[in-house]
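A.B. asks: Sharing a structure here in structure tokens format.
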């Protein structure tokens, strides 16, 4: 290891700074791409054999309309971050809208959402005025569309959607034909919050990192030891030990393990969650995502119907019998930064699920949504659950916007709650690297759009990742492309 100091000389450093990134989820790969683009050498350690695993994500929260309980400020931040994320990773975005429905027994009203939606539409318009490239959600005037009973009945008469819908009414048509209208309040709201495909993001991240000079991608490698040395860190695995000038902790639910190695005890929570894979043989080709609002943790918690290609659907039900789990939300202590999940949940993360439990919870998820879509009762188990433990910095389980903390020099702890937060995370990380003198000023370093991937190569890699994880290959395709 060279111990030369990092000095600027004629605009060049004596050597490139070396950054170790622990964790290959969305935060880790975005950090690696950002710092490699800024001129650092990067070693990325991921204990799994593929990138971007962990807690499931499926939705570009371009406004946060799924969550009535969060503040308007968080919604505005999610809108901006989601636009930036869609510009950064366009190959992972599935451009189909989301429908928000308020059940009659929910206690809420659709009208309660309208002022926030209008505020978000105006904010989106300002972002588009600032930069036309921000118009990734369509025109601001079309950010959301209201459907009363009359318009919904008219949409139900739209022609079958074997062709990509070209209007809000075309997207609403299959739902209008299948929905039990007596169980929801009107109007329904169709909003331009799109899908995210984690298999495509996993594949794209691997391809992008694999072709960048100065990136050492170590899959199937778990970090066992971290300790300070000089101004940097020694990072040890079962194979070797490497020196890094800077350490990025993006280890997901294991983030606290790295903190413990360094004697840090920040407050955090971890929540185990799961989504379920169903196959609906008779589903029309093109569907919007559908959110049925409900109070979290109750038997009538929010239901989420997320369509993929080939009739596959990802399901959330925010009840303890479906997506949430007894004792699934745990916190760190004053002496231990790693929140301890119950053994039965840790076993699922490490070893997977039993077939009986998959069938049982998927069946509950199907029934939860079929209250509103009776024909959906025909759906079958379509694959394994998507699951993981989501980290939440601090002690507020309702937090939806968080990025990165710098507790000690040359150490970044990346704890994103929603994937779109990685754009702010990356900017903060680059600023800290510049402050430490490890990269030049970041004023000219941006997160450039990462869309120069060959689609054939991308889908081949995405299908391979889906197969490795025992999911149907259809889930590696965007619905709008299939």
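A.B. asks: So how do 269, 479, 119 line up by other beta-carbon neighbours within 10 Å, fewest first? Please report the intermediate quantities before stating the final value.
C.D. replies: Details: 269 19, 479 23, 119 15.
In order of increasing Cβ crowding within 10 Å: 119, 269, 479.
A.B. asks: While we're here: Under a crude label model (7 Å from the Cα following the beta-carbon direction), how far is residue 148 from residue 112 in nanometres?
C.D. replies: A separation of 2.2 nm, rounded to one decimal place.
A.B. asks: Something else about it: Arrange 265, 77, 323 by Cβ neighbour counts within 10 Å, fewest through most, would you? If you can, show how the numbers build up before the last one.
C.D. replies: Details: 265 17, 77 21, 323 28.
So the residues, fewest neighbours to most, are 265, 77, 323.
A.B. asks: State whether region 338-393 is rounded, prolate or oblate according to the following rule on the C-alpha gyration tensor (a ≥ b ≥ c being the square roots of its eigenvalues): a/c under 1.5 gives rounded; otherwise a/b larger than b/c gives prolate, and the remaining case gives oblate.
C.D. replies: Working: a/c = 3.31, a/b = 1.94, b/c = 1.70.
It comes out prolate by the Cα gyration axes.
A.B. asks: Ok, one more. Pull out the extension gain between residue 408 and residue 468, defined as 0.36 nm times the separation in residues minus the alpha carbon to alpha carbon distance; nm, one decimal. Could the numbers behind the result be given before it?
C.D. replies: Working: separation 60, 0.36 × 60 = 21.60 nm, distance 3.80 nm.
Answer, rounded to one decimal: 17.8 nm.
A.B. asks: Normalised by the number of residues in the chain, what is the relative contact order in percent for Cα pairs under 8 Å and 6+ residues apart?
C.D. replies: Values: 1034 pairs, mean separation 108.6, N = 482.
Computed value for the chain: 23 percent relative contact order.
A.B. asks: Moving to a separate point now. Determine the distance separating the Cα centre of region 326-390 from the Cα centre of region 166-195; give it in Å without decimals.
C.D. replies: 27
A.B. asks: Using Cα pairs closer than 8 Å and at least 6 residues apart in sequence, work out the relative contact order for region 238-339, in percent. Working shown, then result.
C.D. replies: Details: 172 pairs, mean separation 33.8, N = 102.
It rounds to 33 percent for region 238-339.
A.B. asks: If you take the alpha carbon radius of gyration of region 102-226 and divide it by 2.2 N^0.38 Å, what ratio comes out, to two decimals?
C.D. replies: Numbers: Rg = 21.0 Å, N = 125, 2.2 N^0.38 = 13.8 Å.
Region 102-226 yields a ratio of 1.52.
A.B. asks: Where does helix 111-130 land angle-wise versus the long Cα axis of the chain, in degrees 0 to 90, nearest 10?
C.D. replies: Between the helix axis and the principal axis of the chain, the angle is about 50 degrees.
A.B. asks: Identify the residues of region 121-148 with backbone N under 11 Å of a label point that sits 7 angstrom from the Cα of residue 480 along the Cα-to-Cβ direction, or state none.
C.D. replies: 136-139, by backbone N distance to the label point.
A.B. asks: Dividing the alpha-carbon Rg of region 31-88 by 2.2 N^0.38 Å yields what? It would help to have the intermediate numbers written out before the result.
C.D. replies: Details: Rg = 15.3 Å, N = 58, 2.2 N^0.38 = 10.3 Å.
The reported ratio for this selection is 1.48.
A.B. asks: Let me ask something additional. Residue 230 to residue 73: extension gain in nm, 0.36 nm per residue of separation minus the Cα-Cα distance?
C.D. replies: Numbers: separation 157, 0.36 × 157 = 56.52 nm, distance 4.09 nm.
Length gained, residue 230 through residue 73: 52.4 nm.
A.B. asks: How much of the DSSP bridge set in the chain is antiparallel, in percent, rounded to the nearest 5?
C.D. replies: Restricted to the chain, the bridges split so that about 70 percent are antiparallel.
A.B. asks: Using Cα atoms only, what is the angle between the long axis of helix 455-468 and the major principal axis of the chain, expressed in degrees (0 to 90) to the nearest 10?
C.D. replies: It is inclined by approximately 90 degrees.
A.B. asks: If I fit a long axis through the Cα atoms of helix 422-435 and take the longest principal axis of the Cα atoms of the chain, what angle between them do I get, 0 to 90°, rounded to 10?
C.D. replies: 20
A.B. asks: Could you tell me which label, among (i) 31.6; (ii) 22.1; (iii) 30.5, carries the value of mean projected area of the Cα convex hull in nm² calculated for this structure?
C.D. replies: Matching entry in (i) 31.6; (ii) 22.1; (iii) 30.5: (ii).
A.B. asks: What's the ranking of 374-385, 349-360 by average number of surrounding C-beta atoms within 10 Å, highest first? Walk me through the intermediate numbers first.
C.D. replies: Numbers: 374-385: 17.8, 349-360: 12.2.
Sorting 374-385, 349-360 by mean packing, highest first, produces 374-385, 349-360.
A.B. asks: Need the full-extension length gain, residue 119 to residue 166, defined as separation in residues times 0.36 nm minus the C-alpha distance. One decimal, nm. Can you show the working numbers first?
C.D. replies: Values: separation 47, 0.36 × 47 = 16.92 nm, distance 2.54 nm.
In short, 14.4 nm is gained.
A.B. asks: Take 123, 316 and order them by how many other Cβ atoms sit within 10 Å, fewest up front.
C.D. replies: Values: 123 18, 316 27.
Ordered by Cβ neighbours within 10 Å, fewest first: 123, 316.
Just so you know, all these numbers are worked out from the coordinates, no wet-lab data involved. For clarity, every value in this text was computed on a predicted model and none was experimentally measured. Cβ sites come from the backbone with ideal geometry, for glycine too, and all protein chains shown count toward neighbours.
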